[in-house]
1. Search segment 163-205 for residues being over 19 Å from ALA237 (Cβ atoms) and surrounded by 23 or more Cβ atoms within 10 Å (Cβ to Cβ), and hand back the single one that is farthest from the ligand (Cβ to nearest atom).
2. Does THR196 count as of a type in the set (Ser, Thr, Tyr), within 14 Å of the chain's Cα centre (by Cα) and within 28 Å of VAL27 (Cα to Cα)?
3. Would you point out which residue out of ALA91, ALA75, ALA108 is closer than 22 Å to LEU207 by Cα and touching a residue at least 12 places away in the same chain (Cβ under 8 Å)?
4. If ALA20 satisfies every condition in (1) within 16 Å of the ligand (Cβ to nearest atom); (2) under 30 Å from GLY204 (Cβ atoms) but one, which is the exception?
5. Using beta carbons and a limit of 8 Å, which pairs, at least six apart or on different chains, have the first residue in segment 165-190 and farther than 23 Å from ALA4 by Cα and the second one polar (S, T, N, Q) and surrounded by fewer than 17 Cβ atoms within 10 Å (Cβ to Cβ)?
6. Run down VAL96, VAL117 and say which single residue is within 16 Å of the ligand (Cβ to nearest atom) and of a type outside the set (S, T, N, Q).
7. Show the residue pairs that are 6+ apart or on different chains and have beta-carbon atoms under 8 Å apart, the first residue being within segment 206-217 and without any contact (Cβ under 8 Å) to a residue 60 or more places away in the chain and near the ligand (Cβ under 8 Å from one of its atoms), the second being among the β-branched types (Val, Ile, Thr) and part of a helix (DSSP H, G or I).
8. Determine whether segment 65-74 contains at least one residue that is within 16 Å of the ligand (Cβ to nearest atom), at pLDDT 95 or above and either assigned to a helix (DSSP H, G or I) or surrounded by fewer than 16 Cβ atoms within 10 Å (Cβ to Cβ) (or both).
Amino acid sequence: MNEATRRLVFPLDYGSLEEARAGARVVAPSVGVLKVGLELFVREGPAAIAACHDLGREVFLDLKLHDIPETVGRAVQSAASLGVRYLTVHAHGGRVMLERAASEAARASSPLTILAVTVLTSLDGADLASLGLSTSPAEQAERVARLAWDAGVRGFVASASEAANLRSALGPEALLVTPGIRPAGSDAGDQKRITTPAQAIAAGADLLVVGRPIRDAKDPLAAARAIVAEIEGALAARHT
Ligand SMILES: O=c1ccn([C@@H]2O[C@H](COP(=O)(O)O)[C@@H](O)[C@H]2O)c(=O)[nH]1
């Protein structure tokens with residue numbers, strides 16, 4: 001698998017295991033990581049993770065855990081026992097919760113990276129204001145990313161529009177995972193902080209999460225291939 005393909009994460013946002021399996025099988029040649037989120041996991045549970053492993057792909061379990069430290073710590077242990085490679089927790093769960101998540105992942109026998117969700121890509125400044133936050137999404141993302149970093153977390157979910165800032169705040173060790181990716185001309189849907197795949201790579205993103213532009217395309221494999229080609233081009237430009 002080439003570097004560009006390894007960087008593309010495809011969310012299995014489907015209503016059943018059968019649909020998810022079929023969707024994943026079609027795009028698997030052009031996708032590095034398969035993401036299992038709330039819709040599929042609530043319905044199908046660990047069978048969804050096994051289906052990704054059957055296709056030989058690493059699993060990103062996107063449950064965005066946000067609970068008391070004890071509950072999150074035990075959920076991290078459960079996820080580790082399923083062999084998932086990445087697991088999301090909400091950075092807004094606070095320092096102790098983040099420390100517990102990071103330490104449980106470090107104790108796990110299989111490699112598990114905790115990803116702290118900074119500010120959802122579906123939110124903009126007005127949404128933060130309605131929550132009583134006077135910071136911009138970029139400022140808030142940096143604030144909670146620093147909190148998570150100090151708690152021992154090394155992976156972060158943010159809009160790629162914040163990637164360059166987070167990279168300079170956290171350094172090269174930080175793993176930056178960016179949803180809200182839209183190839184030029186595609187529908188944003190409910191995403192408010194979006195970038196193209198090329199912009200995300202140029203900003204220093206590591207993994208790009210692209211769902212509906214692939215899932216809902218007439219030819220999902222062709223859509224995934226086009227995104228991988230765009231990533232490849234942007235990586236080449238980054239290395240020159
Ligand atoms: O801030 C976040 C965190 C997670 N997501 C998830 O990524 C995908 C994006 O799907 P698209 O269809 O490409 O919009 C989806 O599974 C979300 O739950 C996010 O979008 N933003």
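The values are calculated or read from the model by the stated rules, or taken from the named source; none is laboratory data. Since this is a predicted model, take the numbers as computed values, not measurements. Cβ: placed from backbone, ideal geometry, glycine included. Neighbour counts: every protein chain shown.
1. Applying the filter and picking the extreme gives LEU166.
2. Values: of a type in the set (Ser, Thr, Tyr): yes; within 14 Å of the chain's Cα centre (by Cα): no; within 28 Å of VAL27 (Cα to Cα): yes.
No: the conditions fail for THR196.
3. Details: ALA75 fails: closer than 22 Å to LEU207 by Cα; ALA108 fails: closer than 22 Å to LEU207 by Cα.
On inspection, the qualifying residue turns out to be ALA91.
4. Condition (2) is where ALA20 drops out.
5. ASP190/SER122
6. Values: VAL96 fails: within 16 Å of the ligand (Cβ to nearest atom).
Sole residue among the options that is within 16 Å of the ligand (Cβ to nearest atom) and of a type outside the set (S, T, N, Q): VAL117.
7. From segment 206-217, the pairs are PRO213/ILE227.
8. no
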